[in-house]
Amino acid sequence: MKAKQVSVVAALLVVGLTGCSTAPAKYTYVVDPDLTEQANNLTRTSAHAGHVVWVNPPLKRVPVNEQP
């Protein structure tokens with residue numbers, strides 16, 4: 001009985017997760033040039049800031065149909 005319950009739960013999880021992953025994307029993330037330029041300008045004007053290396057650049061969410 002317990003094996004049947006586990007298999008039913010596993011099947012529901014598979015169906016649920018694949019349904020979410022195949023949904024069409026409405027938004028995408030692109031690098032935000034305004035925030036990037038703002039941070040780069042701060043490093044040029046400040047005597048205390050060093051060289052900026054982006055590990056995770058600032059992103060902004062845009063609709064897929066407006067992606068540049």
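FYI, it's all coordinate maths here, none of it is from the lab. Every value quoted in this text rests on a predicted model; they were computed, and no experiment measured them. Every residue, glycine among them, receives a Cβ derived from its backbone with ideal geometry; neighbour counts consider all protein chains shown.
At full extension, His48 and Tyr29 could sit 3.7 nm farther apart than now, given 0.36 nm per residue minus the alpha carbon distance. In a fully extended conformation the segment linking Val8 and Lys60 would gain 14.7 nm over its present Cα-Cα distance, using 0.36 nm per residue. Taking other C-beta atoms within 10 Å as the exposure proxy, Val53, Val8 rank Val53, Val8 from fewest upward.
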